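Peer 1: So that we are looking at the same thing, I have put the structure below in structure tokens.
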Amino acid sequence: MRAKILDPSFENISFVADVLHRSEVVGVPTETVYGLAGDCHSPLALARIFDSKERPTFDPLIVHVGIQAKGLESLEEAGVVDPSRVSDKQREWFSRLTNKFWPGPLTLVLPKHKYLPELVTSGLDTVAVRMPRHPVMLSLLARFGKPLAAPSANRFGHISPTRAQAVEQELGDRIGFILDGGESEIGLESTILNLSAQDEIQILRYGGIPIEEIAECLPEVRIAHPQKTTEEGGESSPKNAPGMLSKHYSPDTPFFLLPRPLDFSGSNLDLVQAFRGTQKLQAGRPIGMIRIQGDPKQAAERLHELLPDTPVVVRSLSEKGDLRESAHQLFSTLREMDALGLSALFSEPCNETKGLGYAIGDRLRRAAAP
Ligand code: TXA
Ligand code: MG
């Protein structure tokens, strides 16, 4: 039996709430990516989430709350956060951030409530919480009446799904239902901030809220970036979020990041050239190239000169050069190109540090990690 995709009618949302009350797990839409939701206070539901995704239990989950759970005290009542371990300064940061960004793609790490099962937090004494803004997810949370744990609805390490059909591809043989909320608006996951340090806010994952918007909201607070892996410099180095493995979001097709964006002036397709040198390109099988923004045609011509015998499929994530559009297209393009039977897939890197640039760059580096 394959999973059934349900329209988000009132009846279906109520039906899904009942399914969740039986500790089953369901694919649900959010504005970032689709999630695999289960009752965060049911160890059985949590075990099913980890099982269906084949996710290691050292990788903690994000708890999703509804509109009614906006303040720290409501998060305590919902059995998610322990406000007695939140300092006055952290309270102030919490209320400014949530007033501005909730509901929305911002996840905050706070002290965990004692009734929240350890499986949610992988044994940590903190919990990651967010209030999503997708209207179908908010209706479901209201109808279910309790918070929902939900990781992205992909098999562990795979590309995150941004449509119900992609959830079906990933998990259709393991779950009963997927609630269809259309295409995810943002297309990559929430930004995760650690609020449990006293002197700074730590970015644990780049995501749907650009860092400059966080800085604007809290101008006097020091914001520490995740541990730098490669080219980006950086003054501070908090720990990365647990479970943020260097390889993630990966297509099955061999995937390579170009060392720098295409400029067409010289031969900066050295990686493609090196790849051809290894004889791994199979005659007749196409290769793919992803541009972050701009014109796909020039790239197609240049690649054709370089590899006259190899068909090339080029996609630009945003021809008009809008990073929001690039983010929105990223996972769906990776997924689409992964289904083309390419012998290799290449992408430009995203070196943009404004807006969603960090988040796009991070996902591409992890997708291409060896
Ligand atoms: O946009 C999103 O956040 C999506 C949608 C479905 O809401 N969810 C999502 O979940 O991206 P997932 O499981 O793919 O990523 C959760 C990540 C973990 O891998 C970990 O890095 C971080 O959240 N995390 C969870 N609990 C944490 C904690 N207590 N401390 C630090 N990081 C935590
Ligand atoms: Mg994920």
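Peer 1: For the stretch 12-74, which chymotrypsin sites (Phe, Trp or Tyr not before Pro) pass both filters: DSSP loop (anything but H, G, I, E, B) and at most 15 other C-beta atoms within 10 Å?
Peer 2: Values: sites: 15, 34, 50, 58; in loops: 34, 58.
Here the chymotrypsin sites (Phe, Trp or Tyr not before Pro) that fit, given the DSSP loop and packing criteria, are 58.
Peer 1: Taking the DSSP beta bridges in the chain as the whole, what percent of them are antiparallel, to the nearest 5? If you can, show how the numbers build up before the last one.
Peer 2: Working: 16 of 41 bridges.
Antiparallel: roughly 40 percent of the beta bridges in the chain.
Peer 1: Rounded to the nearest whole Å³, what is the per residue volume of the convex hull around the Cα atoms of the chain?
Peer 2: Hull volume normalised by residue count: 135 Å³.
Peer 1: Here is a follow-up. So how far, in whole Å, is the C-alpha centre of the stretch 3-72 from the one of the stretch 109-162?
Peer 2: 7 Å
Peer 1: Could you work out the helix-only [θ] at 222 nm for the chain, with each DSSP H run of four or more residues adding -39,500 (n - 2.57) and the total divided by the number of residues, to the nearest 500 deg cm²/dmol?
Peer 2: -9500 deg cm²/dmol
Peer 1: Select from 209, 188, 102 the residue farthest towards the positive end of the dipole of the chain; place +1 on Cβ of Lys and Arg, -1 on Cβ of Asp and Glu, and compute about the Cα centre.
Peer 2: Checking the options against the dipole of the chain, the answer is 188.
Peer 1: Can you list residues from other chains, or at least 5 along the same chain, whose modelled amide H is less than 5 Å from the amide H of residue 107?
Peer 2: 191, 192, 193
Peer 1: Here is a follow-up. Sorted by average packing, counted as other Cβ atoms within 10 angstrom per residue and highest first, what order do 328-337, 81-90 take?
Peer 2: Order by mean packing, descending: 328-337, 81-90.
Peer 1: Here's another thing I want to ask about it. According to the square roots a ≥ b ≥ c of the eigenvalues of the Cα gyration tensor, what is the shape class of the stretch 42-154, taking rounded for a/c under 1.5, prolate for a/b larger than b/c otherwise, and oblate for the remainder?
Peer 2: Oblate.
Peer 1: Can you pull the percent of Cα pairs in the stretch 303-370 with separation above 17 Å?
Peer 2: Percentage above 17 Å: 46.
Peer 1: Still on this model: How long is the gain from residue 70 to residue 198 if the chain were fully straight, where each residue apart is worth 0.36 nm and the alpha carbon distance is subtracted?
Peer 2: 43.9 nm
Peer 1: If you count, for each residue, the other Cβ atoms within 10 Å and average over each peptide, how do 133-139, 175-181, 107-113 line up from highest to lowest?
Peer 2: 107-113, 175-181, 133-139
Peer 1: Another question about this same structure. Can you flag which of 70/247; 112/146; 112/354 are past 22 Å Cα-Cα?
Peer 2: Check vs 22 Å cut-off fails for 70/247; 112/354.
Taken together, the values in this text are just the output of simple stated rules run on the coordinates, not laboratory data. Please read these numbers as outputs of a predicted model, since none were measured by experiment. As a convention, Cβ positions derive from the backbone with ideal geometry for all residues, glycine included, and neighbour counts pool all protein chains shown.
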